[in-house]
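A quick write-up on the structure given underneath.
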Amino acid sequence: MADVAIAPRAGQPKPQIREATNWEQLKHNRNWLGLWFMLPAMAFLILFLAYPLGLGIWLSFTDARIGRVGQFIGTENYEWLWDDAVFWLSIFNTVFYTLIASAFKFAIGLYLALLLNENLPFKAMLRAMVLIPFIVPTVLSALAFWWIFDSQFSIISWSLKHLGLITQNINFLGDTTWARICVIFANIWRGVPFVAITLLAGLQTVQPSLYEAATLDGASSWQRFRYITYPLLTPIIAVVMTFSVLFTFTDFQLIWAMTRGGPVNATHLMATLSYQRAIIAGQLGEGAAISSAMIPFLLAAIMVSWFGLQKRKWQQGENND
């Protein structure tokens, strides 16, 4: 424990050395000072994140309904879901939706980031235009796509009919395959700007001298990307794709506004099924169990990114031999 010297007065003997109190240490310790500054954020996270999460997990072990507290029933909700075909279909839909949408968002976002990093005319305007899908509220985007894919008034069906390619309207949101394609397309359209702008910010940190040296050594465009751009961009790719996967896996607004999980539960994600069971059907315990079942998937996505970022060689785009 640190010691504190007491300043002597005139005519007094040498100052005595006493131990600093815990409060004095707290005032002079930078780590404790940082903790004090973190307390408001911690309180916010506990109140609006940790508490709802804990309450949801608790409700999943009860038979709570809307207007009734419910009793503890153990794992009965999870046992019921284990035999529920719709629940397993929602898991398949969620994983399929997340993998396909995230892969396309990464590919298109990386291409746009590389394109916008070049010296293009009206580059600032193009960057602003790329952000438009991300700025527009999700529900408005969903309603717009709902009209685009409408079975009677679809602009796509109208155009194809006038071109003579089809004879009747395509029932985009009424067919299971088309419905999945449509909601994935809408999610990609909305999520690409986030990936593109974030990767573009990462590209701005790459030193141009590295490209110049590689060009003088005769490196091709692909080689410059493979051995310079990609390794330096890998940590940012890991972070942005983790967020993209989390946002896509927990998507609710887009699906609910476009299809309500239909047709025949073909577009039901775990989030929409949880809402349907908990709020519409009033089965809070069952809905909370479905939401709680999402936690392992989300933790897995976070852990993959976290453990990967801890490996220095992986951050540098090298193989861990």
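The values are calculated or read from the model by the stated rules, or taken from the named source; none is laboratory data. Everything numeric here is computed off the predicted structure, so don't read it as measured data. For neighbour counting, all protein chains shown are included, and Cβ atoms are generated from backbone atoms with ideal geometry for every residue, glycine included.
General remarks:
- Taking the criterion of being over 27 Å from the mean Cα position of the chain (by Cα) and among the hydrophobic types (A, V, I, L, M, F, W, C), the residues of the stretch 106-159 that qualify are L120, F122, F153, I155, I156, W158.
- Filter pass, R127 being closer than 21 Å to V245 by Cβ and of a type in the set (D, E, K, R): no
- Taking each residue of the stretch 279-292 that is free of Cβ contacts under 8 Å to residues at least 12 places away in the same chain and of a type outside the set (D, E, K, R) and looking for partners that are surrounded by 23 or more Cβ atoms within 10 Å (Cβ to Cβ) and assigned to a helix (DSSP H, G or I) with beta-carbon atoms closer than 8 Å, six or more apart or interchain, yields A281/G287.
- Considering residues of the stretch 230-253 that are among the polar types (S, T, N, Q) and at pLDDT 90 or above only, the residue nearest to L112 (Cα to Cα): S244
- Looking across the stretch 249-271, the residues that are over 15 Å from A293 (Cβ atoms) and small (G, A, S) come down to A257, G261, G262, A266.
- Scope the stretch 59-93; condition farther than 28 Å from G262 by Cβ and among the small types (G, A, S); matching residues: G70, G74
- Residue within the stretch 161-181 that is within 30 Å of S220 (Cα to Cα), modelled with pLDDT of 90 or more and under 30 Å from the mean Cα position of the chain (by Cα) present: no
- Hits in the stretch 115-160 - residues which are more than 22 Å from N187 (Cβ to Cβ) and modelled with pLDDT of 90 or more: W158, S159, L160
- Helices (runs of 4 or more DSSP H) lying entirely in the stretch 102-167 (those with 3 or more residues that are in contact with a helix residue (DSSP H, G or I) (Cβ under 9 Å, 6 or more places away or on another chain), more than 17 Å from Q204 (Cα to Cα) and not basic (K, R)): 132-135, 138-148, 155-162
- Where a residue in the stretch 41-69 is surrounded by 11 or more Cβ atoms within 10 Å (Cβ to Cβ) and its partner, wherever it lies, is assigned to a helix (DSSP H, G or I) and aromatic (F, W, Y), with Cβ under 8 Å and at least six apart: S60/Y78
- No other residue among F225, F252 is within 24 Å of the chain's Cα centre (by Cα), surrounded by fewer than 18 Cβ atoms within 10 Å (Cβ to Cβ) and not basic (K, R) apart from F252.
- Selection from the stretch 191-247 of residues that are of a type in the set (G, A, S) and either in contact (Cβ under 8 Å) with a residue 60 or more places away in the chain or assigned to a helix (DSSP H, G or I) (or both): G191, A196, A201, G202, S209, A213, A214, S221, A238, S244
- If you go through the stretch 289-321 and pick out every residue that is assigned to a loop (DSSP other than H, G, I, E, B) and either at pLDDT 90 or above or in contact with a helix residue (DSSP H, G or I) (Cβ under 6 Å, 6 or more places away or on another chain) (or both), you end up with 5.
- Scanning the stretch 69-119 for residues that are of a type in the set (A, V, I, L, M) and under 20 Å from P133 (Cβ atoms) yields a count of 11.
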